[in-house]
Each structure stands twice: as structure tokens, then as C-alpha cells.
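Here's the structure we're looking at; comments come further down.
The values are calculated or read from the model by the stated rules, or taken from the named source; none is laboratory data. Treat the numbers as computed from the prediction; the structure is a model and nothing was measured. All Cβ positions, glycine included, derive from the backbone under ideal geometry; neighbour counts span all protein chains shown.
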Amino acid sequence: MSKLTVAIICGGPSSEHEVSCVSGGGVLKGLDKKSFTPILIGITKAGKWVALDENYPLAIKDKVMPTIEDNGTRVELAQGGLVIDGSFVKIDCIFSILHGEFGEDGKIQQLLEDAHIPYVGSGVKASADAMDKALAKELFSAAGLTVAPGIVVHRSDPHPDANSLSYPVFVKPSSGGSSRGTHKVKSADKLTAAINDAFLYDSKVLIESAINGREIECAVLERDGTSYASVVGEIVVNPQFEFYDFEAKYLDDATTVKIPADIPEADAQAIQIAAMQAFDAIGCAGLARCDFFYTNENQIIINEINTLPGFTGTSVYPKLWQATGVTYSDLITALIDSAINKAV
Ligand SMILES: Nc1ncnc2c1ncn2[C@@H]1O[C@H](COP(=O)(O)OP(=O)(O)O)[C@@H](O)[C@H]1O
Ligand SMILES: [Mg+2]
């Protein structure tokens with residue numbers, strides 16, 4: 001069989017631009033070059049699509065995160081491929097590893113659908129639904145999964161009566177990421193400021209009971225219609241952080257992932273089943289990372305699902321699969337195969 005051409009797309013306009021670059025560099029390195037020919041495409045923060053050569057620096061160097069610079073080349077989507085500086089290149093599959101806005105919310109997925117190019121991961125609707133935490137929680141509940149009790153406030157709604165809530169609560173934008181705009185509120189007098197800050201990120205805000213539990217993550221991989229769950233891992237946040245906030249996520253040594261999580265086998269299995277149910281409830285494809293709370297009373301509560309989780313060689317999603325026996329390179333191949341088989 002002749003080699004297939006895979007375009008890797010990274011960067012993008014979201015606040016997770018840099019992480020996406022590192023993920024893109026990982027996919028490029030991990031891609032099985034015997035089966036696939038890579039084409040590397042970057043999207044600048046301003047949204048320009050550019051062609052990059054394979055040596056473009058996408059690793060963290062001296063603690064500086066990579067970014068996509070506008071190098072003057074131009075890339076456009078076309079039917080079945082890309083037009084790179086005016087020349088058409090047929091593309092067999094797109095591995096877009098853009099996190100957050102535009103990449104994870106269904107927008108690029110719609111463009112790729114319109115161009116009839118197979119792509120890795122969830123489709124337009126599942127991507128959009130997963131990105132909207134309030135909506136995703138409704139779908140999880142309807143599928144029988146337990147979610148954190150809470151209320152949704154729209155920008156035009158009056159704020160809830162601060163004295164009617166039991167504290168602590170978490171206030172967060174319905175559509176967000178990297179814990180931006182997310183606050184643990186411990187008393188009624190701090191509620192308004194937290195809600196106002198969360199509204200900077202979205203017009204819909206969640207106010208949830210703070211769950212006192214460990215954070216457990218499970219990776220789901222779907223191949224040809226069947227989903228598989230990885231071993232589960234626990235996010236262990238350095239106790240100097242109040243919760244898994246922005247700094248804890250991105251500062252060195254602030255967090256570790258314990259794989260497998262040290263929890264009873266039966267509960268680990270229940271989390272794996274819940275992860276696959278969550279994947280199906282949203283209608284995901286390819287990959288997703290499901291994040292749970294696991295309480296001292298052994299209760300399993302789903303927090304959220306990420307349809308394009310961090311995908312660097314050391315990110316949680318690939319690490320969970322590594323521990324389950326799937327190498328980074330095999331994972332990439334499986335995702336591409338699944339995307340291509342779905343499209344035919
Ligand atoms: N209801 C909750 N109870 C306890 N902790 C929470 C709750 N909601 C969010 N958190 C904390 O905030 C972090 C970020 O919230 P999350 O909903 O996962 O948003 P993001 O998409 O930004 O990761 C979680 O990993 C967790 O540490
Ligand atoms: Mg999260």
C-alpha cells in the first residue's frame with residue numbers, strides 16, 4: 001500500500017496555542033513514517049494558516065513555549081486537500097491537534113467536513129456539545145452518570161441569592177479551559193466577583209457544589225465504532241495549590257499523574273465504564289479524555305470530557321494509553337486509521 005499523506009495542524013487562536021504546538025511536535029515525531037508522509041501546518045494566533053518544514057521548532061526550549069510565526073507561506077483548505085502556496089496537495093487525513101476555541105469546539109471540524117477530508121477525533125456536534133459544560137452535564141445525567149449538583153446562570157439572568165448557597169462552590173465559565181475564570185468560592189461575599197470574572201470567558205456560567213474528592217482521568221480510544229478505556233490515573237496536585245488551577249496545570253512540578261490510580265479495582269472499572277458511557281452520551285469519535293471526581297465515599301462523579309486533550313508525549317492522554325500497552329506511535333496510527341475508515 002502506498003503511503004498516506006497526513007497533515008498535522010497545530011497552534012491556533014486559542015489560549016492553548018503553545019500547548020497545541022508542543023502536541024503537534026509530538027504527533028510529528030511519533031507518526032509512523034513508514035506508513036505516513038507528514039505535512040506540517042501551523043495556525044498563527046491571528047488565525048493565519050502557514051506551511052512549516054519538519055524542523056520547525058515545536059519543543060519547549062529553555063522553558064520557552066513554541067509558537068507559530070507567520071512565515072509568509074499561505075495554506076488554504078480545498079476539496080480533498082490543501083492548497084499550499086498555490087499548489088494543490090491531496091491529503092488523506094488531517095490530524096488537527098488544536099486545543100480550545102476553534103479547534104475543539106466544532107469550528108475546524110465543520111471546515112474539514114465541508115472540504116471532505118477525513119480528520120481525527122469528534123465531529124462538529126460532539127465537539128461543540130463537549131465544549132459546553134452545562135450542556136454536557138445534561139447529556140451525562142440523561143445517560144445515568146452522576147454530575148456535580150449546580151445551577152447555570154446566563155449573562156442576562158439575575159445573580160442567584162448568595163446567601164441561598166452552601167459554600168464552598170465552584171464558579172466557572174460553561175465553555176472554557178485551562179481553569180481560566182474558575183474560582184473556588186468559600187463565602188457569600190466573594191460570589192459576585194467570581195461570577196463576573198467567569199462571565200469574561202463565556203455568557204453562561206456554572207455554579208457547582210465543590211466536590212471533595214480526588215481527580216481521576218480515563219482515556220477513551222474509539223476504533224471502528226468500538227470504544228476502549230485506558231487504565232485510570234490520578235492527578236496529584238501539589239498541596240500548595242487550592243485546586244487544579246491554571247498555574248498547577250502549567251508550572252513545572254506542580255502536578256504529577258499517578259498511573260494507575262491507587263483506588264479499588266472495582267471502582268477503577270466503574271470509572272472506565274462511565275468514561276465510555278460519557279463518550280457515547282456526547283457522541284464522540286476517535287479520542288477523548290474523561291475527567292472524574294472520586295470522593296472519600298467512593299462516589300464517582302463526572303466533571304468533564306475533553307475531545308482534543310493534551311497530546312504531547314508526556315501528556316496524560318498518551319501516558320494513560322502507554323500504561324495500558326498502546327505506544328504513542330501506535331495510538332497515532334490507530335486514530336488516523338479510525339478517521340479514514342469512518343470516512344469511506
Ligand atoms: N464542582 C467542582 N468541585 C471541585 N473541584 C472543581 C469543581 N469544578 C471544577 N473544579 C476544579 O477546577 C478544575 C478546572 O475545572 P474544569 O471544570 O475541569 O475546567 P477546565 O476545562 O478549565 O479544565 C478541576 O480540575 C478541579 O480541580
Ligand atoms: Mg478540566
Within the range 4-31, residues being over 15 Å from VAL120 (Cβ atoms) and out of contact with any helix residue (DSSP H, G or I) (no Cβ under 6 Å at 6 or more places or on another chain) number 11
When you look at ALA261, is it out of contact with any Pro (no Cβ under 9 Å at 6 or more places or on another chain), farther than 30 Å from ILE336 by Cα and modelled with pLDDT of 95 or more, yes or no?
-> no
With the first residue restricted to the range 1-18 and required to be farther than 18 Å from ARG180 by Cα, and the second required to be part of a strand (DSSP E or B) and β-branched (Val, Ile, Thr), Cβ contacts under 6 Å at 6 or more apart or on different chains are LYS3/THR37; THR5/THR37; ALA7/ILE39; ALA7/ILE41; ALA7/ILE94; ILE9/ILE41; GLY11/ILE43
- Query: If you go through the range 316-332 one residue at a time, do you hit one that is out of contact with any helix residue (DSSP H, G or I) (no Cβ under 6 Å at 6 or more places or on another chain) and within 14 Å of ligand 2 (Cβ to nearest atom)?
  - Reply: yes
Reported set for the range 34-58 where residues are without any contact (Cβ under 8 Å) to a residue 40 or more places away in the chain, in a loop (DSSP other than H, G, I, E, B) and farther than 22 Å from GLU104 by Cβ is LYS34, ASP53, GLU54, ASN55, TYR56, PRO57
Considering residues that are more than 24 Å from GLY310 (Cα to Cα) and either part of a loop (DSSP other than H, G, I, E, B) or under 20 Å from the mean Cα position of the chain (by Cα) (or both), the number found within the range 171-199 is 3
Flagged in the range 258-276 as crowded, with 18+ Cβ neighbours inside 10 Å and either over 24 Å from THR314 (Cα atoms) or within 16 Å of ligand 1 (Cβ to nearest atom) (or both), in numbering order, are ALA261, ILE271, ALA274, ALA275
Contact list, first residue from the range 171-184 and touching a residue at least 60 places away in the same chain (Cβ under 8 Å) and charged (D, E, K, R), second anywhere and outside any strand (DSSP E or B) and within 12 Å of ligand 2 (Cβ to nearest atom), beta-carbon distance below 8 Å, six or more apart or interchain, is ARG180/PHE246
Inside the range 299-315, the number of residues satisfying the requirement of being without any contact (Cβ under 8 Å) to a residue 60 or more places away in the chain and either within 16 Å of ligand 2 (Cβ to nearest atom) or over 15 Å from the mean Cα position of the chain (by Cα) (or both) is 0
When the range 71-95 is checked residue by residue, the ones that are in a strand (DSSP E or B) and of a type in the set (Lys, Arg) are LYS90
Exercise. Is the range 116-127 home to any residue that is among the aromatic types (Phe, Trp, Tyr) and more than 14 Å from the chain's Cα centre (by Cα)?
Worked result: yes
Log entry, pairs with first residue in the range 269-297 being touching a residue at least 40 places away in the same chain (Cβ under 8 Å) and closer than 18 Å to GLY123 by Cα, second being among the polar types (S, T, N, Q) and within 16 Å of ligand 2 (Cβ to nearest atom), beta carbons closer than 7 Å, six or more apart or on different chains, reads CYS284/THR307; ALA288/ASN306; ALA288/THR307; ARG289/ASN306
Q: Report whether or not GLY313 is more than 13 Å from ligand 1 (Cβ to nearest atom), part of a loop (DSSP other than H, G, I, E, B) and either in contact with a strand residue (DSSP E or B) (Cβ under 8 Å, 6 or more places away or on another chain) or outside the structural domain of PHE170 (by TED's automatic domain parsing) (or both).
A: yes
If we keep only residues of the range 217-233 that are surrounded by 18 or more Cβ atoms within 10 Å (Cβ to Cβ) and either part of a loop (DSSP other than H, G, I, E, B) or among the acidic types (Asp, Glu) (or both), then the residue nearest to ligand 1 (Cβ to nearest atom) is GLU217
Cβ pairs under 6 Å, 6+ apart or interchain, first in the range 202-227 and more than 17 Å from SER179 (Cβ to Cβ), second among the basic types (Lys, Arg), ordered by first then second residue, are SER203/ARG155; ALA219/ARG289
Within the range 255-287, residues farther than 21 Å from ILE211 by Cα, in contact with a helix residue (DSSP H, G or I) (Cβ under 9 Å, 6 or more places away or on another chain) and either assigned to a loop (DSSP other than H, G, I, E, B) or of a type in the set (D, E, K, R) (or both) come out as ILE259, PRO260, GLY283, CYS284, ALA285, GLY286
Within the range 135-170, of all residues that are touching a Lys or Arg at 6+ places or on another chain (Cβ under 6 Å) and not in a strand (DSSP E or B), the one farthest from ligand 2 (Cβ to nearest atom) is TYR167
